[in-house]
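What follows is a short report on a single structure.
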Amino acid sequence: MPHLPLNRRDFLAASAAAGLGAAIPPPDQSATRQLPPTVSELLFRAPPIPLVRIGFVGLGGQGSVHVENLLTLEGVEITGLCDIVPEKVAAWQRKIRELGRPEPAGYDRGPRDFERLCAEPELDLVFNATPWEWHVPISLAAMRNGKHAATEIPLAYTVDECWDLVEAAEKHRKHCVMMENCCYDRLELLGLHLARQGLLGELLHGECGYDHDLREIKFSRQGEGLWRRAHATRRNGNLYPTHGLGPIAQAMGINRGNQFDYLVSMGGNSRGLQLWQAEHLAADDPRRRERYVLGDVNVSLIRTVAGQTIFLSHDTNLPRPYSRKYVLQGTRGLVEGYPRRVYVEGRSQPHRWDSGDSWFERYDHPLWKSEKVRSVAGGHGGMDWLEDWRLITCLREGLPTDQNVYDGAAWSVIGPLTEWSVANRSRPVRIPDFTRGRWKETKPLGIIEA
Ligand SMILES: NC(=O)c1ccc[n+]([C@@H]2O[C@H](COP(=O)([O-])OP(=O)(O)OC[C@H]3O[C@@H](n4cnc5c(N)ncnc54)[C@H](O)[C@@H]3O)[C@@H](O)[C@H]2O)c1
């Protein structure tokens, strides 16, 4: 496997010499980055915050789900609301006022008004659910102003920006949490639970992905249609790796006793958005002039330093029912998603699947046993509520968060690295070690109790 040069200048020289063209280099900067963290920094605890004062940025589809959830939690006050659309800010201010709570301050003076929000002294956490390009500027502004940051997925989509967030979190000693809700879904937590109890044996393999027909959403005149399709005009790789990968990485102990080592990625033809363009848009629609480069199906393979293999897919431009795939396989059995089923040698009938439901009955993860979770209908069937509740619980109790900045960086950096590998005939690329070696001494995430 070729070793990538350590800095961008060397890389450009080497890639020009090798005739690799203009592909964006993903330098593995792990060895050149300073300030190696201690294990206690890796599993960072901030002083407890009994009442968490939150500024929320991005009140669209997913932001509204979080705000709804946060309003159900004890020990939370939403003190600021920010969006570039003033009507969205006003609508949420009104709803909160009608609940008999103090009305949050509004920040609606344009795309950088989050800076004014982040500078507010009476604020603990800046939580954003904005388009991808804003996750890094908002999280950095939060931490530089002494606030914890929580962001929707992905944490960042360039290698450099993943490092920027890691370094900012270390420098300012603030949490920077990527909110990967799929880590809290019932099947993924069952997988974690079975893995931690040793029922799957030694973990050897994972399969996961984000396989979701987003054509209508990408061409919508509102919501994600305003920004998500644009990525398909300039990027070709796995643009959304963390839904599938986060839960597998947690089970395999990535950053906690294990590390991603390297990946290869391959992208095929780009057809789905072009067909939609031709078949659904009026002849004079300017979106007909857009040219897409995103391969409809991206497949990547990751190997961990412990020798496990992970298959990861991204498939969002073709007609298909939703799937995140999910396979967690060990020497004794496996858990699968879509459909949900389990096989454990010695407990299942030989060569026969058990239904997921029969395993939920006996082995549901403690977080899913709570009545509160099951009664929450909104937000992807309860997992979004669980992730918000866990974040707030950790902040209130001064605990390390379930996902930290190193996890967010390791899972998100897969996106730009797949782009590089696709652009370079699927060459292998090393995955940076954001912990700079500390993963070796860090214990895997345990079973999280309710
Ligand atoms: N975890 C999940 O299951 C899940 C589901 C959907 C979306 N998401 C993520 O949530 C984020 C938002 O997605 P969405 O579907 O809610 O999109 P959306 O377009 O519905 O919402 C984005 C909101 O951000 C606002 N906004 C844009 N730029 C802004 C800025 N500079 N400052 C303040 N507000 C700004 C927009 O006006 C809009 O209200 C994305 O990162 C997406 O990947 C995650």
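Here's a check for you: in the range 202-213, which residue that is within 16 Å of the ligand (Cβ to nearest atom) and in contact with a helix residue (DSSP H, G or I) (Cβ under 7 Å, 6 or more places away or on another chain) is farthest from Trp134 (Cα to Cα)?
Kept after step one, since they are within 16 Å of the ligand (Cβ to nearest atom), are these residues of the range 202-213: 208-213.
Narrowing the set further to residues that are in contact with a helix residue (DSSP H, G or I) (Cβ under 7 Å, 6 or more places away or on another chain) leaves 208-210.
Numbers: Cys208: 26, Gly209: 24, Tyr210: 22 Å.
Applying the filter and picking the extreme gives Cys208.
What are the residues in the range 221-280 that are more than 16 Å from the ligand (Cβ to nearest atom), among the polar types (S, T, N, Q) and over 18 Å from the mean Cα position of the chain (by Cα), if any?
Hits for the range 221-280 are Thr233, Asn236, Asn258, Ser265, Asn269, Ser270, Gln274, Gln277.
Return the pairs, sorted by first residue and then second, in which the second residue is of a type in the set (Val, Ile, Thr) and near the ligand (Cβ under 6 Å from one of its atoms), the first residue lies in the range 56-73 and is within 19 Å of Pro102 (Cβ to Cβ), the beta carbons are less than 7 Å apart, and the residues are 6+ apart or on different chains.
These pairs meet every condition: Val57/Thr130.
Going by what's in this entry, would Asp83 be described as among the acidic types (Asp, Glu), on the phi < 0 side of the Ramachandran plot and within 15 Å of the ligand (Cβ to nearest atom)? Step through it out loud before you land on a result.
Details: among the acidic types (Asp, Glu): yes; on the phi < 0 side of the Ramachandran plot: yes; within 15 Å of the ligand (Cβ to nearest atom): yes.
Spelling it out, Asp83 is indeed among the acidic types (Asp, Glu), on the phi < 0 side of the Ramachandran plot and within 15 Å of the ligand (Cβ to nearest atom).
If I ask for residues that are at pLDDT 95 or above, away from the ligand (no atom under 15 Å from the Cβ) and not aliphatic (A, V, I, L, M), which ones from the range 43-73 would you list?
Pro47, Pro48, Pro50, Arg53
Can you go through Asp285, Asp296, Asp315, Asp354 and tell me which one is surrounded by 16 or more Cβ atoms within 10 Å (Cβ to Cβ) and free of Cβ contacts under 8 Å to residues at least 24 places away in the same chain?
Details: Asp285 fails: surrounded by 16 or more Cβ atoms within 10 Å (Cβ to Cβ); Asp296 fails: free of Cβ contacts under 8 Å to residues at least 24 places away in the same chain; Asp315 fails: free of Cβ contacts under 8 Å to residues at least 24 places away in the same chain.
Step by step, each of Asp285, Asp296, Asp315, Asp354 is checked, and only Asp354 is surrounded by 16 or more Cβ atoms within 10 Å (Cβ to Cβ) and free of Cβ contacts under 8 Å to residues at least 24 places away in the same chain.
Any chance the range 126-141 includes a residue that's away from the ligand (no atom under 13 Å from the Cβ) and over 19 Å from Val413 (Cβ atoms)?
no
Which count do you get for residues in the range 142-170 that are over 16 Å from Leu417 (Cβ atoms), more than 15 Å from the ligand (Cβ to nearest atom) and either crowded, with 20+ Cβ neighbours inside 10 Å or free of Cβ contacts under 8 Å to residues at least 60 places away in the same chain (or both)?
10
If I filter the range 237-248 for residues that are of a type in the set (Gly, Ala, Ser), assigned to a loop (DSSP other than H, G, I, E, B) and surrounded by fewer than 17 Cβ atoms within 10 Å (Cβ to Cβ), do I get at least one hit?
Quick first cut of the range 237-248, residues of a type in the set (Gly, Ala, Ser) only: 237, 244, 246.
Restricting the remaining residues to those that are assigned to a loop (DSSP other than H, G, I, E, B) gives 237.
If we keep only those that are surrounded by fewer than 17 Cβ atoms within 10 Å (Cβ to Cβ) as well, we get none.
Within the range 237-248, not a single residue is of a type in the set (Gly, Ala, Ser), assigned to a loop (DSSP other than H, G, I, E, B) and surrounded by fewer than 17 Cβ atoms within 10 Å (Cβ to Cβ).
Scan the helices (runs of 4 or more DSSP H) fully inside the range 314-416 and keep the ones with 3 or more residues being over 21 Å from Pro444 (Cα atoms).
Values: elements: 356-363, 366-369, 371-375, 378-381, 383-397, 405-412.
Those helices (runs of 4 or more DSSP H) span 356-363, 371-375, 378-381, 383-397.
The values are calculated or read from the model by the stated rules, or taken from the named source; none is laboratory data. Bear in mind the structure is a predicted one, so any value in this text is a computation, not a measurement. Positions of Cβ are backbone-derived with ideal geometry, glycine not excepted, and every protein chain shown enters the neighbour counts.
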